[in-house]
Each structure stands twice: as structure tokens, then as C-alpha cells.
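All remarks here apply to the structure that follows.
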Amino acid sequence: MIHVELQSVRKTFGSVVAVNGVNLSIEKGETLALLGPSGCGKTTTLNMIAGFLDLDDGNILINGKVINNVPPNKRNVGMVFQNYALFPHLRVYDNVGFGLQMRKVPKAEITEKVKRALDMVRLPGVEERYPKQLSGGQQQRVALARALVFNPDILLLDEPLSNLDAKLREEMRLELMDLRRRLGITSIFVTHDQEEALVLSDRVAVMNAGVIEQLAIPTEIYEKPKTGFVASFIGEFNKMAGEVAEIGSGGAVKVKIAEGVVIKSNQGYGGKVGDKVQVMIRPERMRLSLQATASDNSFPVKVEKIAYLGMVIRYYITIGGVRCVVFVANRGDRLNIATGADVHVEWDNEHSLIAGL
Amino acid sequence: MPTRRRRLFLIPVFLVLPLLAIFLVFYLPPIAYTFIQSFYKFSPMKGIIKEWHLGNYGKFLTDSYYLGILWRTIWLSAVVALVCLVLGYPVAYYILHMAGRARGLLVLLILSPLLVTVVIRSLGWIILLAPTGPLNRAVMGLHITSKPLPILFQESGVIIGLAHIYFAFMVLSLISSLQRIDPSLPLAARNLGANTVQAFLRVTLPLSLPGVLAGSVLVFVLSVGSFVIPAMLGGGKVTVLTYLIYQQYIKFVNWPFGNAMAFILLVLASGIILLAGRWLERGKYSAVFQ
Ligand SMILES: Nc1ncnc2c1ncn2[C@@H]1O[C@H](COP(=O)(O)OP(=O)(O)OP(=O)(O)O)[C@@H](O)[C@H]1O
Ligand SMILES: [Mg+2]
């Protein structure tokens, strides 16, 4: 059942087109991540769903009803703001209870519900404190409790974890996952952190310059990026420009990168021989080995630089004149490869993605 | 490193030094002298006599005439502050939600009364409010009243004149306070179920209380200390404390008594400000002031 739907939604600020015809539909209970670079219109989209901004064009529907003209206080949508937007002059109790007070819930019930909400975000007993007396992570929890306490139909989160340090972010991410599973509430959250989007959502909408470039489940976004933008925004890619040399059957394609360097793929290509294309390979799908093996793609290379990151080791090499990077998981059996070593880089056909230029 | 840090620590001290010097040289001695002199005796024949006594204060604080004028000065100033607040808040709120160019123009418009000297401005009000002036002719022409409105040379005239100039101070102080409110806060209130009025009353208004306090105190203090406007628009019939002080200095040359009155005014005004501040800071929204 479709819960929230955006139909050709458009919003401009003067000459700036913030959102340019966005179509989305979100299932009941689904979590959707809006992922994109700064300024691509994520917050604007969220603000329109919350009712803070009027649309220039298009419709927003909740449960099949157009809600374009419903004021924000009548939408029953919970929101966690990018900066939390806790009321600095009110105690945590009044902050969390605000939505209930507005709904004229009896006082005893408010006290009870506020307590339960704070327990839920694992922050019991802070009712009497002011937001300023809480740490960033605690404020984030209060903001979440405030958005959930009145049982909203939909939860909107605008970069809920962006103000936290790396360690806390990781922790809150796990908690959000857990909470989301328990509550099963339809939620849309904005982020420009790709990992967050992939981990926390059922589906990811990658936005760029006011439009959605791809809307798919996380694995598909990562494995099969539909546009060059999505490919470059999510994870890393080694990109090599070349010319289609041969198109065989069953999706087999050969692309010539340089003299003597031909990359094989089985991902298919809709164009014709001679087209200028880009071959994209994930760094973690490449392998390094001391001896050449019978792989689809295998090239002798020299290790130019090594970056030791702990969990992974990045090896920089050059294939056909193009600088590439290979990620190798640190399994403790550190490859006996030093800078300057002669090795072979190898990968399988299915990891060579081909995109038109 | 320690010396470096100590030097950095001294920078603010150096920055306030000029102001401190001006204060110590030009401001403190006259005040101290005025304070000392307020305990001297005065005789119309011999002038100031350097003998200590509390008579100047006693005379003022026991005479109902003087106390009445003190009371009038205080409530008149309080009403001016209130009028500026009530009229100024919507203006400040509106200005803040305006686009850049229009906002600048409106701020200029609000500041414009300050560009005209106080005498000219008061004369303008006298002409406007006079029994045969445009206001009364309009009111009587429309048959709203049959007699001219009793505004000029009354307390209401003084209030209008004072509110006119000090309005700008109120609006500016409110704007600076409203500006500091995170714009997402009223939105958060709306999101949580508050209508526009509730969002304003529960969030925007409490958060602007520091500006309300600062503006009110400013207007109150300026009104208490104003002299020309009550003198001109009061037409000598609305006596305020500054006028009494002026009289003692210029007409009777009784400086000790004038000084005593000036000090009573100073202490009272500061006392009221402190109390008002305390009351707000202790209130429901005390967190706003921290
Ligand atoms: N109130 C506004 N007035 C004018 N332009 C605006 C306004 N709000 C947003 N914009 C513009 O619209 C575009 C989209 O803004 P939006 O805030 O939606 O970006 P975002 O994707 O949330 O970015 P970020 O990741 O930095 O938060 C930007 O170019 C921004 O400058
Ligand atoms: Mg944003």
C-alpha cells in the first residue's frame, strides 16, 4: 500500500530551481533515504512533505489524498531537524511533551508518554534538564523522542546524525535501525552520507540538482548505478575511458583503453563498435596477485603507492595510463607487496560496468 | 607559551581601556561631585553651604507634591515603554520577514525621527495636535467629537511625543532579539501541532523576551531622563522630574536639592530596571536569559 506519494513536485526560490519534478512513492512502513550532495534539494523536499513550503507545481499525497494545502500542524508528521531545533527555553519534558500538549492530551498521560518516549531512546530521567545541558547525542535522542511521542503517521529525519562524531554516529545508526524495525513507521530521511543511506533504508533515492537520478534498493544502487552521477557519488570507482572494440553475444563487450589494454565485460552495451565509453570497476572488486592467473581481466602493473588504512589497504597502480586504486581487505596475511613491486591486477567480467560518455 | 597566552588574555583589557578612561575621567567625577553636593545645605541668601545633612532627601521624600511628580514621571515612562512595545513588536516581526531591500528601507524609515532635532520634531507635533490643527479638524470634520481632543499639553501628548522617537530603539532591540531565534524553532512547533498563534506564543515570544526587556528598559530610561519633549508637548502643565531638577538648577540655583532629586531619579530608575530584569529572569522562561 502506497503511503506517501510525490507527483512531479517542483519548487523554485527566485531563479534557483531547488526541486525539479520529483516523483516518489513510499510504501507503508518503508524507510526511504534521500541521498545527494549539498544543495541538491533534499531539505526542500522534506520541508514540502512537512508542509513548511508551498509547492510550485505537482502534488503530495498521503494515503491517496492530496495534502498540498493541509497546514503543517494538521499533517501528523514527526520531524527531526538537521540541527534538532529543540526549544532552548523549555525543559526536556516540555520539549518532548509539546506535541501532546498541542493535542490537548491530559497531563498525567503526557507525563507517562514522555517518560516512555525517553526510555525508548535510552535517555531516561532527563525530563527536568534544558537542551543546553545535554550532549549532542543526547539532544539528538530528545529530538527523536519529541518526533515520535505523538504517534506520527510518518517520520521525517533531516540528516539526523550529521552533527555527531564518528563513534556516536555509528552507535546512533544502530539504534535508529533497531528503533525503525520495532516501530515500523514510514520514514524518509535525508543524508549525504552514502553509508548511512545504504545501511538504514529499504530504498535509496539518489538526488542531484533537484531531480531523482535513481530510486532503488541499496544493493542495486551500489551494484548497478544507472547514471554516471550515481556511480561517482556512491562508493569509489576506477574509471577508464576507451573505445568499444567488440560486441559479442550474451553481453560480452571488449573495450580498448590503450594499445594492448583491452578490458572485457559481460554487462552488455547497447551501442555499436567504435563508441567512446567509460569502463567503471569498483576498487574492491579488483585483486592483486604475484602471479598471473586465469582471470577474465589480468594486467601486469607496478605498485606505485600504498595507503595503509587499517581495515583496508589501498594500492595505487596504473592501467593503460589511467591511475587506479585497488582495495585489499586486511586479513592479517599482508600480501608481500611493497611499493615498486611488479604484480598483476585482475578482476572478473561482471565487475566491468560500461557507461556511455 | 605561557607568556603568549597571558598576552592574549590581556587583549580584551586593552580594548576596554579607552572607554574605561573616558568613564573614569569625564563621567565618574561629575557624578561623584553631584552626589557629595546633594548633602550640602542651601540658603537663598548665601548660596551653597558646605554642611552635611540629609534635608534635601528628606524634603523630597516627605512632600506629596514632589512624590506625585516622581510617580507621574515613572508611570508616564512606563506607559511610553508599553506603547512602544505593543506598537513595535508587530513592526519588528514584520521587518524580519521582509526581503533584504525593503527591510533596509523600513529600518531607515523607523530611524528617520532621530534625524530631526528634538525641538523641530516637538514643534511638528504641536502643530499636528493643536486644537485647530489637522488632527482635530479631521476628527471634528468627521463629527467624531464636537470639541478638540484633549491631547496637546496633556499627558497623552507627552506620551505620543516620547513614543515617537523612542519607538526606533524598541524596534531595533526587538529585531536583534528576534533575529537570533533559529528559524526552524517555530517550524518545529508547527510540525508538532501548534497553529501559527500557538507557535508564536509558546516559542517565538518567549525567546524574544530578552529583546522585550532590553527595549523596554531602554525606552523607560530614555523617557525618565527626557526633558525637552515633556516641556514642549506638556506646555508646562505636565511637570516631570527632569523639569523639577531643571527648575532647581536654573531658577532657584538650589543645586544641592537639584542634585538630590537627580540621585533619587537615578536610584529609582535603576531599581525598577533591576526588578523588572529579575522578575523576567526568575520567571517561567528563565532559561532564555542564560
Ligand atoms: N529559503 C530559500 N531561499 C532561497 N534559496 C533556497 C532556500 N532554501 C533552499 N534554497 C536553495 O535551494 C537549493 C536546495 O536547497 P536544500 O536546502 O534543499 O539543499 P539540501 O539538499 O538540503 O542541501 P544540504 O545537504 O546542504 O542541506 C539550494 O541551491 C539552496 O540554495
Ligand atoms: Mg539540507
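The values are calculated or read from the model by the stated rules, or taken from the named source; none is laboratory data. Computed from a predicted model, the values in this text were never measured in an experiment. Don't worry about glycine lacking a Cβ; one is built from the backbone with ideal geometry, like all the others, and counts go over all protein chains shown. Side chains are part of the model used for accessible areas, which takes the heavy atoms of the whole protein and leaves out ligands, DNA and RNA. Shrake-Rupley method; radii C 1.70, N 1.55, O 1.52, S 1.80 Å.
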Return the residue satisfying two criteria in turn: it lies in segment A:86-105 and is part of a loop (DSSP other than H, G, I, E, B) and at the interface with another protein chain (Cβ under 9 Å from one of its Cβ atoms), and of such residues it is surrounded by the fewest Cβ atoms within 10 Å (Cβ to Cβ).
-> A:Arg103
For residues that are surrounded by 16 or more Cβ atoms within 10 Å (Cβ to Cβ), of a type in the set (A, V, I, L, M, F, W, C) and assigned to a loop (DSSP other than H, G, I, E, B), tally how many sit in segment B:140-186.
-> 5
Has segment A:110-126 got at least one residue that is within 12 Å of another protein chain (Cβ to nearest Cβ), among the charged types (D, E, K, R) and not in a helix (DSSP H, G or I)?
-> no
Test: residue in segment A:279-288 that is open to solvent by 30 Å² or more (accessible area, probe 1.4 Å), in contact with a Ser or Thr (Cβ under 8 Å, 6 or more places away or on another chain) and among the hydrophobic types (A, V, I, L, M, F, W, C) | no
Candidates A:Ala205, A:Ala245, A:Ala241 - the one that is within 16 Å of ligand 1 (Cβ to nearest atom), part of a strand (DSSP E or B), modelled with pLDDT of 90 or more and more than 14 Å from chain B (Cβ to nearest Cβ) = A:Ala205
Matching entry among B:Leu115, B:Leu85, B:Leu105, B:Leu123 (being modelled with pLDDT of 85 or more and open to solvent by less than 50 Å² (accessible area, probe 1.4 Å)) = B:Leu85
Which of the residues that make up segment A:76-85 are more than 7 Å from chain B (Cβ to nearest Cβ) and open to solvent by 20 Å² or more (accessible area, probe 1.4 Å)?
-> A:Asn76, A:Gln82
Those residues of segment B:225-283 which are under 23 Å from B:Pro150 (Cα atoms) and among the small types (Gly, Ala, Ser) amount to B:Ser226, B:Ala231, B:Gly234, B:Gly235, B:Gly236
Evaluate the following for B:Ile181: is it touching a Leu at 6+ places or on another chain (Cβ under 7 Å) and within 14 Å of another protein chain (Cβ to nearest Cβ)?
-> yes
Kindly indicate whether A:Ser162 is open to solvent by 10 Å² or more (accessible area, probe 1.4 Å) and within 16 Å of ligand 2 (Cβ to nearest atom).
-> yes
Within segment A:20-53, count every residue that is within 14 Å of chain B (Cβ to nearest Cβ) and either near ligand 1 (Cβ under 10 Å from one of its atoms) or not in a helix (DSSP H, G or I) (or both).
-> 8
Where A:Ala231 falls short, out of the listed (1) away from ligand 2 (no atom under 16 Å from the Cβ); (2) modelled with pLDDT under 95; (3) farther than 26 Å from A:Val9 by Cβ = (3)
Of (1) surrounded by 12 or more Cβ atoms within 10 Å (Cβ to Cβ); (2) under 27 Å from the mean Cα position of the chain (by Cα), A:Ala329 satisfies every one except (1)
Residue by residue through segment A:5-19, note down the ones that are within 10 Å of ligand 1 (Cβ to nearest atom) and either among the hydroxyl-bearing types (Ser, Thr, Tyr) or away from chain B (no Cβ under 14 Å) (or both).
-> A:Lys11, A:Thr12, A:Ser15, A:Val16, A:Val17, A:Ala18, A:Val19
Being touching a residue at least 24 places away in the same chain (Cβ under 8 Å) and at the interface with chain A (Cβ under 10 Å from one of its Cβ atoms) is the filter here, so list the residues in segment B:193-219 that pass it.
-> B:Pro206, B:Leu207, B:Leu209
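Residues are listed down the side, and each one gets a yes or a no for (1) of a type outside the set (Ser, Thr, Tyr); (2) touching a residue at least 24 places away in the same chain (Cβ under 8 Å); (3) away from chain A (no Cβ under 14 Å):
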residue: B:Gly235; (1), (2), (3): yes, yes, yes
residue: B:Thr239; (1), (2), (3): no, yes, yes
residue: B:Tyr249; (1), (2), (3): no, no, yes
residue: B:Phe257; (1), (2), (3): yes, yes, yes
residue: B:Leu265; (1), (2), (3): yes, yes, yes
residue: B:Gly271; (1), (2), (3): yes, no, yes
Acidic (Asp, Glu), within 22 Å of B:Asn195 (Cβ to Cβ), more than 12 Å from chain B (Cβ to nearest Cβ) and open to solvent by 50 Å² or more (accessible area, probe 1.4 Å) - does that describe any residue in segment A:56-75?
-> no
